[in-house]
1. Among Ile34, Ile76, which is surrounded by 15 or more Cβ atoms within 10 Å (Cβ to Cβ), of a type in the set (Val, Ile, Thr) and either touching a Pro at 6+ places or on another chain (Cβ under 6 Å) or farther than 19 Å from Phe90 by Cα (or both)?
2. Against the condition touching a helix residue (DSSP H, G or I) at 6+ places or on another chain (Cβ under 7 Å), in a helix (DSSP H, G or I) and hydrophobic (A, V, I, L, M, F, W, C), how does Ala31 come out, does it pass?
3. Any residue at all in segment 170-193 that is basic (Lys, Arg), outside any loop (DSSP other than H, G, I, E, B), surrounded by 19 or more Cβ atoms within 10 Å (Cβ to Cβ) and not assigned by TED's automatic domain parsing to the domain that holds Phe223?
4. Of all residues in segment 34-63, which are over 27 Å from Asn150 (Cα atoms) and in a helix (DSSP H, G or I)?
5. Being without any contact (Cβ under 8 Å) to a residue 12 or more places away in the chain and among the hydrophobic types (A, V, I, L, M, F, W, C) is the filter here; which residues of segment 187-235 pass it?
6. From the list Thr152, Thr145, pick out the single residue that is surrounded by fewer than 19 Cβ atoms within 10 Å (Cβ to Cβ), touching a Leu at 6+ places or on another chain (Cβ under 7 Å), among the β-branched types (Val, Ile, Thr) and not assigned by TED's automatic domain parsing to the domain that holds Ser226.
7. Return the pairs, sorted by first residue and then second, in which the second residue is among the acidic types (Asp, Glu) and surrounded by 15 or more Cβ atoms within 10 Å (Cβ to Cβ), the first residue lies in segment 74-92 and is part of a helix (DSSP H, G or I), the beta carbons are less than 8 Å apart, and the residues are 6+ apart or on different chains.
Amino acid sequence: MYLEHFNFKERPFSLTPNTDFFCQLSGHQAALNILLLSLRNGEGFIKVVGEVGTGKTLLCRMLLEKLSQEYMTAYIHNPMLTPQELYMAFAQELGLAYTSPQNILLDTITKKLIELHDSGKRIALLIDEAQSMPIETLEALRLLTNLETNTTKLLQVVLFGQPELDVILNQPNMRQLKQRIVFSHYLPSLNREELEDYLCHRLAKAGHTLGPLFSRKACDLLFKRSQGIPRLINILCHKALMVAYGRGENKIHHDAMRLAIKDTASVTEAENSFNKYIISIGVGLIFFILALLITQYYDSIFKNFHF
């Protein structure tokens with residue numbers, strides 16, 4: 001498509017969470033550092049929360065790569081599981097065969113964790129999209145982390161989730177699990193300065209060497225409409241590149257970005273919702289002022305009228 005036109009080796013704004021494109025922005029690098037430090041300190045539960053599209057899955061995969069040989073890692077990317085299914089998925093990650101009933105499976109997992117611990121291995125369970133996990137499965141996960149020796153936990157858990165995860169954990173029946181979360185980190189969206197660093201990083205990784213590709217006006221519009229969310233940035237940049245390629249242009253200008261935005265429902269719908277919200281506030285304010293004026297008018301009439 002546009003790879004040769006822009007001198008790319010690969011697509012710079014693919015939605016696939018490729019760790020080669022991980023950009024060491026302050027918020028994301030801080031999250032990775034906290035995760036590595038917390039795991040090395042043997043903490044039980046760690047939580048990373050971020051809005052949709054802020055890069056939680058990519059961060060999760062970076063963590064899997066960074067953990068050294070001393071770790072045995074298990075990764076569950078679809079946690080919409082019953083307690084039994086959670087134990088079965090975890091057992092599979094540990095290389096164990098499925099067994100039933102649940103208490104036998106849990107006993108088998110416990111023996112495996114002790115075996116790994118005695119061989120010098122640490123075990124880390126990483127759960128992506130944790131906000132999708134049913135309440136009873138979260139409780140089963142908490143019980144799983146009760147497994148420990150006299151000095152250390154046999155299992156450490158990292159939860160990656162959307163802000164809805166915090167809503168779930170704030171429920172009274174979740175207080176035992178919430179108290180076990182030693183470290184929490186909120187994954188922020190990009191600010192305006194980080195946006196340009198992010199673009200330059202991904203373009204360089206893709207092999208681009210022909211100088212600045214996005215104009216300042218295009219970047220300003222991109223930041224405004226993406227709100228600094230990496231997934232939306234990738235979508236809009238990919239479409240803007242297609243527009244520029246179709247026009248035979250070697251740089252992404254404001255107009256190409258505007259067309260990319262117009263073609264992206266997740267951005268235009270957000271703008272329309274915001275516009276409707278602003279309009280509703282404006283209409284409400286107008287009616288309030290009219291009501292206030294009418295009230296003042298009749299008050300003045302009644303004050304001047306003598307019965």
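1. Exactly one of Ile34, Ile76 is surrounded by 15 or more Cβ atoms within 10 Å (Cβ to Cβ), of a type in the set (Val, Ile, Thr) and either touching a Pro at 6+ places or on another chain (Cβ under 6 Å) or farther than 19 Å from Phe90 by Cα (or both), namely Ile34.
2. Criteria met by Ala31.
3. no
4. Let us first name the residues in segment 34-63 that are over 27 Å from Asn150 (Cα atoms), namely 48-63.
Within segment 34-63, Lys56, Thr57, Leu58, Leu59, Cys60, Arg61, Met62, Leu63 qualify.
5. Cys200, Ala204
6. Exactly one of Thr152, Thr145 is surrounded by fewer than 19 Cβ atoms within 10 Å (Cβ to Cβ), touching a Leu at 6+ places or on another chain (Cβ under 7 Å), among the β-branched types (Val, Ile, Thr) and not assigned by TED's automatic domain parsing to the domain that holds Ser226, namely Thr145.
7. That search, which allows pairs on different chains as well, returns Pro83/Glu139.
The values are calculated or read from the model by the stated rules, or taken from the named source; none is laboratory data. All values derive from a computational prediction rather than experimental measurement. Cβ atoms come from the backbone with ideal geometry, glycine included; neighbour counts cover every protein chain shown.
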